[in-house]
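Down below is the structure, laid out as structure tokens.
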Amino acid sequence: MAQLPPGAPRRGPKPAPDGNDAPIGVVPAAPGLLHPEHPLSDDDRDLSLRPRSLTEFLGQASMKENLSVFITAARERNESLDHLFLIGPPGLGKTTLAQVVANELGVDFKVTSAPALDKPKDLAGILTTVKEKTVFFIDEIHRLKPAIEEMLYIAMEDYELDWIIGQGPSARTIRLPIPPFTLVGATTKAGNVSSPLIGRFGITCRFAFYEQADMEAIVRRSAGILKIAVDNDAASLLAASARGTPRVVNRLLRRMRDFAQVLGAQAITRQVVEQGLKRLEIDALGLEKHDREILRIIIERYNGGPVGAETLAISVGEAVDTLEDYYEPFLIQSGLLQRTPRGRVVTALAYDHLKLARGKGDTGGLLF
Ligand SMILES: Nc1ncnc2c1ncn2[C@@H]1O[C@H](COP(=O)(O)OP(=O)(O)OP(=O)(O)O)[C@@H](O)[C@H]1O
Ligand SMILES: [Mg+2]
């Protein structure tokens, strides 16, 4: 069999943290292939992979069923859909679903993200261009500035835009009507969204990590679009190694296509996937090296925990946000890590998975 290509494409290393934040003895990891935090360059190249309708949008069955009812009802009444709040970890399909909703309603789609809205006039600029029933998508809605959030409340509730004309003592506020539209807000951090804003959304969709069968269906769909032949058991291994995340499984599929091509294989077989995953240091649970490193540090330096999030973040060379948003959800979901009031604690499964013995005095994660 031909030689595998050296190393897998990865993102460049993060800039080294400076001064006091420098982690002790740990080189910060380049965010791995499996971490869907920000799209990698070729995630967006295959826009063709993005589902365009609810039928193409696989998985999340109960969420989809309800949404389909709300969309049909709004369409039959010829009204705008109620404001929609999308919550879930990165890469599960929030942006995709917002676009799908606009397609299903047959209306305009406008998109922005909270960090891009710097001044109220940035939001006003968009709101003055919305048409009746337009779907207006704001990504990372937990990062809205207070002044902009205030403006959005009025727009969502009264379909009006508060606008200040003039300056100083002669300044006055006028209210401009805007057509009824649908705001779709997405966040990975629902806990950071203010309750007045949450209260203004009529529909909430919570994304769960995708089931194995749905992940396999996504592999088959993407492979079909990219015209890649994938064996059945290769598809199921890929699906199982992509941490329940469509963005990640599409990314892995492209990397396996690279391996298959260089190996001269006609199709992505189980053998190609096994070798490819080994090269990428992805294990049977879908963990990357850095995930294992986090568990190992908790075990070896903190006796299995509990260890506070800040301390752990410094030890593993990550920002607390990155640790909490991107690494922990999957480790928790896999039953390897627990969040407790006193800090992070690894479970017995983590010891078994890393093949590490519990040391003396180690409570095995139990708190006394
Ligand atoms: N239900 C699905 N069926 C098939 N493919 C999907 C599905 N959901 C997402 N995808 C694929 O995964 C990719 C990532 O989805 P998307 O960009 O919508 O995630 P996101 O939740 O918005 O992530 P982020 O939080 O990083 O913005 C899409 O480009 C699409 O190809
Ligand atoms: Mg998105």
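In a fully extended conformation the segment linking Arg52 and Asp158 would gain 35.1 nm over its present Cα-Cα distance, using 0.36 nm per residue. Each principal axis of region 287-368 carries a Cα extent, and these read 32, 24, 20 Å when sorted largest first.
Below 8 Å between Cα atoms, with a sequence gap of 6+, how large is the relative contact order for region 287-368 in percent? Before the final figure, lay out the partial values.
On the way: 89 pairs, mean separation 28.1, N = 82.
Relative CO of region 287-368 lands at 34 percent.
Label sites at Arg279 and Glu300, each approximated as a point 7 angstrom past Cα along Cα to Cβ, lie 2.7 nm apart. Among the listed pairs Lys64/Lys133; Lys64/Lys121; Lys278/Lys355; Lys94/Lys145; Lys110/Lys189; Lys64/Lys110, those whose Cα-Cα separation exceeds 25 Å are Lys64/Lys121. Modelled this way, with points 7 Å down the Cα-to-C-beta line, the labels at Asp233 and Thr340 are 4.1 nm from one another. Between Ser195 and Arg270, the modelled label-to-label distance comes to 5.3 nm, taking each label 7 Å out from Cα in the direction of the beta carbon.
Any read-out appearing in this document is the output of simple, stated calculations on the displayed coordinates, not a laboratory observation. It should be emphasised that the depicted structure is a prediction, and the values quoted were computed from it without experimental measurement. In this analysis, Cβ positions are derived from the backbone assuming ideal geometry, glycine residues included, and neighbour counts consider all displayed protein chains.
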